[in-house]
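S.K.: Encoded as structure tokens, here's the structure I'll be asking about.
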Amino acid sequence: MIKLGGQLYTLRKFTQDLPGIENVFKFCQEEGFETVQISGFGQVPFPDLLALIKKYQIDVCCTHSPWERLVNDLPALIEEHKQMNCPVIGIGIMPKEAQSDIHELFLFVKEANRIAAEIKKAGLQFAYHHHNIEFQLLEGRRVMDYLLQNTDPETFHFIPDTYWLQMGGVNPADFIRYHLAGRVDVCHFKDFAVNGFTPIFAEVGEGNLNLFDCFKACQEIGVSSIVIEQDICPRDPFDCLHYSFNNLNRLAIACGDRE
């Protein structure tokens, strides 16, 4: 059974201090989230954060950790994840210079492979979260294809995002199913709507994506957790997460993942 929960970047405005984080964890507990991803938190003392995780019995499936910490503070970052019982150390995006310069992309991949191997040796997993920018051509080749083909499938995993896959011009379910098998522990679900010519971040079930097929693809490739992320919310982000989580649970039932 896939764990269902929230990517707390959605609530980043409310997680910049310990009282705000505690309020968010209360919400997660009350909603029945089975897991969360920690991302966009303020700089709070780790022992205090850990105490709140334990107090509210929060299952942390993944983080988005700063690239600078992965490069310069990896042993401490690994230890923090072990204390949180969090199996995946993720990053939200590659450094800006690597997004548009092939030489910088090569350097990023080389360093990320080294870091990912160290994380694997410590018993954890490295994962890269994409946006649509990884589907641009760089010297005639998609950045995503370079990442897929020049990283170790055992150590370098991905955090696919249904919205950004659509924005990148690919079929989200098919890309998960046919390109990422064996390389995904956590998947981001958000829906894709349009307003005129403008794409909109939408609650699960309120957009145009075939999230049923995306869920089936996640089942087929052995994804452990699906977390809801909504980068921009048109109303109270807590309400958006509540609505999406209810619809995600209905989707899981429809896919035979639970009764």
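S.K.: Give the relative contact order (percent, whole number) for the chain; include only Cα pairs under 8 Å separated by 6+ residues.
M.R.: 19
S.K.: Here is a further query. Go through 61-70, 209-218 and give me the packing order, highest mean Cβ count within 10 Å leading.
M.R.: 209-218, 61-70
S.K.: Which entries of K55/K82; K82/K216; K121/K190 have Cα-Cα distances beyond 28 Å here?
M.R.: Beyond 28 Å between Cα atoms: K82/K216; K121/K190.
S.K.: Between the range 1-77 and the range 180-220, what is the C-alpha centre distance in whole Å?
M.R.: Comparing the Cα centres of the range 1-77 and the range 180-220, I get a distance of 22 Å.
S.K.: Under 20 Å Cα-Cα from K120, which aspartates and glutamates qualify once same-chain neighbours fewer than 8 residues away are excluded?
M.R.: E68, D73, E79, E80, E111, D152, E154, D185
S.K.: Can I ask one more? Just from its helices, what would the mean residue ellipticity at 222 nm be for the chain, if runs of 4 or more DSSP H residues each count -39500 (n - 2.57) and the sum is divided by every residue, rounded to the nearest 500 deg cm²/dmol?
M.R.: -13000 deg cm²/dmol
S.K.: Using θ = phi - 60° and the Karplus relation 6.51 cos²θ - 1.76 cosθ + 1.60, list the HN-Hα couplings for the range 98-108 in order, rounded to whole Hz, with x at every Gly or Pro.
M.R.: For the range 98-108, the Karplus curve yields 7, 6, 9, 10, 5, 5, 5, 5, 4, 5, 4 Hz.
S.K.: Shifting gears a bit: Please give, to one decimal in nm, the separation of the simple spin-label points placed at K120 and D231, each 7 Å out from Cα toward the Cβ.
M.R.: 2.9
S.K.: Would you please state which residues of the range 233-255 a label at N195 would reach in this model, taking the label point 7 Å out along Cα→Cβ and a backbone N cut-off of under 16 Å?
M.R.: Flagged as within label range: 233-237, 240.
S.K.: So, in nm, how far is label R141 from label E79 when the simple model puts each one 7 Å beyond its Cα toward the Cβ?
M.R.: 3.9
S.K.: Sort K13, K120 by Cβ crowding within 10 Å, fewest neighbours at the top.
M.R.: K13, K120
S.K.: What dipole magnitude, in Debye to the nearest 20, does the range 144-212 give about its Cα centre under +1 on Lys/Arg Cβ and -1 on Asp/Glu Cβ?
M.R.: It works out to roughly 100 debye.
S.K.: At 1.306 mPa s and 10 °C, plugging the Kirkwood radius over alpha-carbon pairs of the chain into Stokes-Einstein gives what diffusion coefficient in µm²/s?
M.R.: Diffusion coefficient, whole number: 86 µm²/s.
Every number in this text was worked out from the coordinates using simple rules, so none of it is lab data. Since this is a predicted model, take the numbers as computed values, not measurements. Don't worry about glycine lacking a Cβ; one is built from the backbone with ideal geometry, like all the others, and counts go over all protein chains shown.
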